[in-house]
Structures are given as C-alpha cells and as structure tokens.
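Take a look at the structure below.
What follows draws every value from the coordinates through simple rules; no lab data is involved. Bear in mind that the values here come from a model prediction, so they are computed numbers and not experimental data. When we count neighbours, we look across all protein chains shown, and the Cβ atoms used for this are built from the backbone with ideal geometry, even at glycine.
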Amino acid sequence: MQTAVLIVEHHAALLASQVLLFETQGHEVHSAGTRESAERFLSSHCLDAVVLGNSLAREDREVLVAKVRLIRPDARILVLHASGAKLPVVPHASIDSREGPVSVLQALEELLNDWGAES
C-alpha cells in the first residue's frame, strides 16, 4: 500500500527535487510551497507522513509541527533541518538534509516502519 506524504518546502526547486525523490520510492506525494497551503491540505487529507523542508522559516516549521500533531496525530513528522530537534513541539525525527538524499529517505522509512510496528 502506498504511503501518503506531504512535503512542505518554500524553495520551488528543492520542493520539486524532493517530490521526485519520494516518488521514486513509491510514495503518494503531495506538495505545498507555503505554511498556509500546507495547513489547508492537512485539514482535508489523511496522511502517513509530513516532511518539512529546510527552506521553510523556523516559525513555519514550529507552527506546522504543532498543527500536524493536533490535526493529524497519526502522521509521522520529519523535519529536514538540524534545528528540528529543538522545536517547542518536537517532531518524530529531524535530519540535516545536507547529509544527502539517501539519509533523508532512510529517516522517512525508519519513521514509517516504526509507525507500522506500533499499529
């Protein structure tokens, strides 16, 4: 079964590359370029994971982590910025995206596998 993933990234080129990256792994990928569009999407769609990119402002990452926890408590949250672990509401995982695409994919797969084991 495909997993539904929302990627939120402000920088259009980064967003496009991340969409392709996750699609190559067989995920059903949705994208949002702003916090506001991500919030609208969260309100109307069920998701397995939300990936918050490093080009989002820290405030946007903070707000979105809290909103995902509230609106979609079953969704796994991955922040692609090293500061993710220091957010007021902590995501399920954070990784410095500069570690490369393999590390990003591994982090998401580990989150999804942990989630599947808990279900």
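Observations on the structure shown:
- Checking each residue in segment 19-49 for being in contact (Cβ under 8 Å) with a residue 60 or more places away in the chain and of a type in the set (S, T, N, Q) picks out only Gln25.
- Scanning segment 26-52 for residues that are more than 16 Å from Lys67 (Cβ to Cβ) and either surrounded by 14 or more Cβ atoms within 10 Å (Cβ to Cβ) or in contact with a strand residue (DSSP E or B) (Cβ under 7 Å, 6 or more places away or on another chain) (or both) yields His27, Glu28, Val29, Ser31, Gly33, Asp48.
- Considering the conditions (1) surrounded by fewer than 18 Cβ atoms within 10 Å (Cβ to Cβ); (2) closer than 16 Å to Ala32 by Cβ, Ser83 is excluded by exactly one of them, (2).
- Qualifying residue in segment 63-80 (condition: touching a residue at least 40 places away in the same chain (Cβ under 8 Å), touching a helix residue (DSSP H, G or I) at 6+ places or on another chain (Cβ under 9 Å) and more than 17 Å from Glu110 (Cβ to Cβ)): yes
- Residue check, Val68 buried (at least 20 other Cβ atoms within 10 Å of the Cβ) and either part of a strand (DSSP E or B) or not hydrophobic (A, V, I, L, M, F, W, C) (or both): no
- Figure legend. Inter-residue proximity from segment 5-17: first residues over 11 Å from Val29 (Cα atoms), second residues assigned to a helix (DSSP H, G or I) and not aromatic (Phe, Trp, Tyr), beta-carbon distance below 7 Å, spacing 6+ or different chains. Indicated pairs: Glu9/Leu15; Glu9/Gln18.
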